[in-house]
Amino acid sequence: PRTTPEIVNAAAAAKPDICEGPVKPTWDSIRANYQVPAWFIEDKFGITMHWGLYSVAAYHNEWYEKYMYSTFATWHAEHFGPQDTFGYKDFIPLFTAKSFNADELVALVKASGAKYFMPTCEHHDGFSLWDSDINPWNAAKMGPKRDLIGEMVVAARKAGLKFGVCNHSIEHYTFLPQNPAMKTDLSDPKYADFYWTSHSDTNLQRFLEWWVAKNIEIIDKYQPDIIWFDNGVNGRNFDPLKMKVAAYYYNRTRQWNKEVTIDTKDSAYLAGSVLDFEKLHPRGPNNILKGIWDAEEPIGSTWGYSAANPVETFRGAQSVISELCEVLSMNGNLLLNLWPDGQGAISAPQVNTLKAVG
């Protein structure tokens, strides 16, 4: 979202405070106190996952919330109802996770040969998959009424895997289109903290405070080994917020004696982060880089579950193995994305590919 230094600085100054430790919220301090974890350099292969309310809609991709109020408006109205009577929030009761078993999922991740697992904890749609005391729109209090991230943390650590989270949530403030000609539920004040379509300096500051607080909540509740941020944090205008989260994370994990890292794209973090590329081709490097980096790739033709449109195609094991070799030859790690369907089941083609890679 577009913002001002005054709004960002006010959000960064809000509670919670940075915990005690040597890392201060400056790039120089973060740089002086950070090193890439040895486990990340050694492990080479990780699995991420896109799963959420958009998986219930199962049409095109994980950006369904955005497009159901614009490009896919007619399709949505025909299949689910008009947007003023069936909005995105009405997918929440349908998201039951009845087929989801964290132990079985983690067993599949381990069978692939991956050494770390970092599912998406919140996508652009603002629905959190963890038990949040900050965001009331979460899977522990609605929908499945289960702490899905908490279940995956326990399963991953029991299996000896490192665990992290992918957080896309800063994009949420400006994710939804405004179309005054369409009747929708977007302006209903009951859902203001879910849709964030009422924009003002006050609301933006509150949203940015939430972003910081939610990250700190994840750090304290789940002690992740890695936190991944999408492109929304890239702008320099958000530096005070990013530095606060990094300082908190690295100070807190020193107390736990854990080696951890942040993972970001482009120049989002000037220090304290591994460089990530979304798809090796065409965005990734074509030669050996000096520092460790990673490339994230989908196992299928979309990042999130699509039932019929487009017809989903999947990569075979040889495709994944070839890319893994190419990435490793240039000093990188491969982060492969899988997706469950709306209720948490992993399709047979994904299972077969992951087991064959292992």
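Where both residues lie in the chain, what percent of DSSP beta bridges are antiparallel, nearest 5?
Bridges in the chain that DSSP calls antiparallel: roughly 10 percent.
Grab the beta carbon distance between residue 142 and residue 85, set R0 = 22 Å, and tell me the FRET efficiency rounded to 0.05.
0.70
In square nanometres and to one decimal, what's the mean projected area of the convex hull around the Cα atoms of region 192-244?
Directional mean of the projected Cα hull area for region 192-244 stands at 4.5 nm².
Take the Cα pairs of region 230-358, get the Kirkwood Rh, then feed it into Stokes-Einstein at 37 °C and 0.692 mPa s and tell me D in µm²/s.
196 µm²/s
What are the ³J(HN,Hα) couplings of region 349-358, residue after residue, when phi is run through the Karplus curve with 6.51, -1.76, 1.60 and θ = phi - 60°? Round to Hz, x for glycine and proline.
x, 5, 4, 5, 5, 5, 5, 5, 4, x
What percent do you get for the relative contact order of the chain when only Cα pairs under 8 Å and 6+ apart count?
Reported as a whole number, the value is 28 percent.
Going from most exposed to least, what order do 217, 6, 326 have by accessible area with a 1.4 Å probe?
Largest to smallest exposure gives the sequence 6, 326, 217.
Anything over 23 Å Cα to Cα? Flag those among 98/162; 110/242; 110/158, in the order listed.
Flagged as over cut-off: 98/162; 110/242.
Which semi-axis lengths, in whole Å and largest first, follow from the square roots of five times the eigenvalues of the Cα gyration tensor of region 6-108?
39, 24, 14
For region 32-47, take each phi angle, set θ = phi - 60°, evaluate the Karplus expression 6.51 cos²θ - 1.76 cosθ + 1.60, and give the result in whole Hz per residue in order, putting x for glycine and proline.
Rounded to whole hertz, the list is 6, 10, 10, 9, 4, x, 4, 5, 5, 5, 7, 6, 6, 9, x, 10.
To the nearest 0.05, how large is the calculated FRET efficiency for residue 286 and residue 322 if R₀ is 22 Å and r is the Cβ-Cβ distance?
That gives a FRET efficiency of 0.90.
What residues of region 335-353 lie in the reach of a label at residue 103, counting those whose backbone N is under 18 Å from a point 7 Å from the Cα along Cα→Cβ?
345-346, by backbone N distance to the label point.
Roughly how many percent of the accessible protein surface of region 121-250 is carbon and sulfur, given a 1.4 Å probe and a whole-percent answer?
52 percent
Which distance in nm do the two modelled labels at residue 313 and residue 154 give, with both placed 7 Å along the Cα-to-Cβ direction?
4.1 nm
Could you list which residues have their amide H under 5 Å from that of residue 336, counting only those 5 or more apart in sequence or on another chain, with H placed in the peptide plane?
For residue 336, the qualifying residues are 46, 47, 48, 297.
In deg cm²/dmol, rounded to 500, what helix-only [θ] at 222 nm does the chain give when every DSSP H run of at least 4 residues adds -39500 (n - 2.57) and the total is split over its residues?
-10000 deg cm²/dmol
Express in Å², to the nearest 10, the accessible area of residue 187 obtained by rolling a 1.4 Å probe over the protein heavy atoms while all chains stay in place.
Taking all protein chains as shown, residue 187 has close to 100 Å².
Pick from 310, 240, 180: which is most flexible by mean-square fluctuation in a GNM of the chain where alpha carbon atoms under 10 Å apart are linked?
Ranking 310, 240, 180 by mean-square fluctuation puts 180 first.
Under the rule of at least 5 residues apart or a separate chain, name every residue whose amide H is placed under 5 Å from the amide H of residue 343.
Excluding prolines and chain starts, which carry no amide H, there are no hits.
What accessible area per residue, rounded to a whole number of Å², is obtained for the chain using a probe radius of 1.4 Å?
40 Å²
Could you pull the accessible area for residue 236 with a 1.4 Å probe, rounded to 10 Å²?
Rounded to the nearest 10, that gives 100 Å².
Between residue 42 and residue 28, what is the spin-label point distance in nm, taking each point 7 Å from the Cα along the Cα→C-beta axis?
3.5 nm
Just how large is the dipole of the chain about the Cα centre, in debye to the nearest 20, putting +1 at every Lys and Arg Cβ and -1 at every Asp and Glu Cβ?
Values: 33 positive and 42 negative charges, 118 e Å.
My answer is approximately 560 debye.
Under the rule of at least 5 residues apart or a separate chain, name every residue whose amide H is placed under 5 Å from the amide H of residue 62.
Answer set, sorted by chain and number: 303, 304.
Per-residue HN-Hα couplings for region 247-252, Karplus 6.51 cos²θ - 1.76 cosθ + 1.60 at θ = phi - 60°, whole Hz, x for Gly and Pro?
Result, rounded to whole Hz: 4, 4, 4, 6, 5, 5.
Take the Cα of residue 259, step 7 Å along the line toward its Cβ, and report every residue of region 295-337 whose backbone nitrogen sits under 17 Å from that point.
332-334
Starting from the Cα coordinates of the chain, work out the convex hull volume and express it per residue in Å³.
Looking at the chain, the number lands at 129 Å³ per residue.
The values are calculated or read from the model by the stated rules, or taken from the named source; none is laboratory data. The shown structure was predicted, so the numbers you read here are calculated from the model rather than taken from an experiment. Every residue, glycine as well, gets a Cβ built from its backbone with ideal geometry; the counts of neighbours run over all protein chains shown. Accessible surface areas use protein heavy atoms only, side chains included; no ligands, DNA or RNA. Shrake-Rupley method; radii C 1.70, N 1.55, O 1.52, S 1.80 Å.
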